[in-house]
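Below: one structure, written as structure tokens.
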Amino acid sequence: MTQHRQLAEELIAEAEKWDGIRAGIAAIDEVLGGPSYKAVAVGSWQTNHSEKTTPWLPNARSLLVLAMHHPEDDPRLDWFDRGNTAGNRRMTKISEELGTWLFKTHNVRAQPLPYHVEKGGVYLKDAAVFAGLGVVGKNNLLLDRKWGPRVRLRAVLIEGRLPSGRPPEDFQPRQGCAMPCRKACPENAFGPGQYDRPTCIQRLNSDRDDPIESGQKDSEGSPILVTDWCRRCEFACPVGEK
Ligand code: B12
């Protein structure tokens, strides 16, 4: 086994020690040449996500891609509160700890990337496909081999070039799919035959305008309100564990 292959395997194993995490390696060049970078995004999505833009680590050629299980019965991971979600905070912590481990054990640098592409992140579904974690389904979501669409994704830049995964050929959930996601969408965002971004944005904007009570109170005793984003196209999908 080459040194690089061994490092990649150790890094993936270290990431998968965390509960509910699957990991893979993608080549940056493949991700930057992927379909999302070629697509023209219609409709504008504004967020107040609190993240800093940082320049990319020089000489990084690989991405560690993390998929975190986001079960249906733990909606809190997705609740948007004070500039972030609990799920994103957990993934940032895991990414940082893996970066520290990699430097300490192998003297290789790593850089956790922001969530948003505009702030220096990458298109994460493409990254997950090229890392071999799954495929993009009819609901326009990454279908992880184990958990289907019920995952949240993150990427960490890795110095140097590690051997990467491949889009899985033996996992083809799209074949013969009856597309229940398309009927489940409350906005009929798949009405035109494929995912319509402006229609979906409309729905998520209305979720934001209509926050729910989190069950927690702030220091003054007032209920903390959070955004509970729509997940119907995830929940309707028969692929993977709930
Ligand atoms: C902006 C954004 C939004 C916007 C716009 C979404 C959009 N798709 O355009 C809004 C707010 C509407 C939104 C909605 C949702 N989002 Co969103 N979103 C993002 C974000 C930040 C960027 C996505 C983007 O702009 N893509 C570019 C547009 C042009 O392309 P696209 O529609 O995604 O389609 C591309 C891919 O499907 C890809 N693709 C298709 N087939 C194939 C095949 C191969 C081989 C490859 C390599 C690629 C590929 O190419 C398409 C373009 O041609 C990502 C995080 C990130 N950094 O990637 C999260 C992300 C995609 N969202 C996520 C989620 C969960 C959601 C929602 C369910 C809401 C929620 N509860 O969070 C819905 C689902 C909508 C849907 N069915 O697609 C998750 C997806 C997890 C997963 N399993 O895939 C991500 C990865 C964030 C995360 N927390 O992990 N989102």
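The values are calculated or read from the model by the stated rules, or taken from the named source; none is laboratory data. Keep in mind it's a predicted model, so treat the numbers as computed, not measured. Counting neighbours? That spans all protein chains shown, and the Cβs are built from the backbone with ideal geometry, glycine included. Note: areas computed on protein heavy atoms with side chains; ligands, DNA, RNA excluded. Shrake-Rupley method; radii C 1.70, N 1.55, O 1.52, S 1.80 Å.
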Problem set entry | Top-ranked residue of the stretch 99-128 - restricted to ones that are modelled with pLDDT of 95 or more and aliphatic (A, V, I, L, M), ranked as surrounded by the fewest Cβ atoms within 10 Å (Cβ to Cβ) | 108
Problem set entry | the stretch 129-144 - residue that is in a loop (DSSP other than H, G, I, E, B) and touching a Cys at 6+ places or on another chain (Cβ under 9 Å) and, of those, surrounded by the most Cβ atoms within 10 Å (Cβ to Cβ) | 139
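Rundown of residues vs (1) assigned by TED's automatic domain parsing to the domain that holds residue 111; (2) part of a loop (DSSP other than H, G, I, E, B), yes/no style:
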| residue | (1), (2) |
| --- | --- |
| 146 | yes, yes |
| 152 | yes, no |
| 166 | no, yes |
| 188 | no, yes |
| 191 | no, yes |
| 198 | no, no |
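Only one of 6, 46 is in a helix (DSSP H, G or I) and either out of contact with any helix residue (DSSP H, G or I) (no Cβ under 6 Å at 6 or more places or on another chain) or within 11 Å of the ligand (Cβ to nearest atom) (or both). Can you tell me which?
Working: 46 fails: in a helix (DSSP H, G or I).
It is 6.
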For this session: Test residue 182 against the criterion of being open to solvent by 50 Å² or more (accessible area, probe 1.4 Å), in contact with a strand residue (DSSP E or B) (Cβ under 9 Å, 6 or more places away or on another chain) and not β-branched (Val, Ile, Thr), and give yes or no.
Result: no
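Right, residue 174: open to solvent by 50 Å² or more (accessible area, probe 1.4 Å), assigned to a loop (DSSP other than H, G, I, E, B) and either within 8 Å of the ligand (Cβ to nearest atom) or over 23 Å from residue 96 (Cβ atoms) (or both) or not? Steps first, answer last, please.
Numbers: open to solvent by 50 Å² or more (accessible area, probe 1.4 Å): yes; assigned to a loop (DSSP other than H, G, I, E, B): yes; either within 8 Å of the ligand (Cβ to nearest atom) or over 23 Å from residue 96 (Cβ atoms) (or both): yes.
Yes, satisfied.
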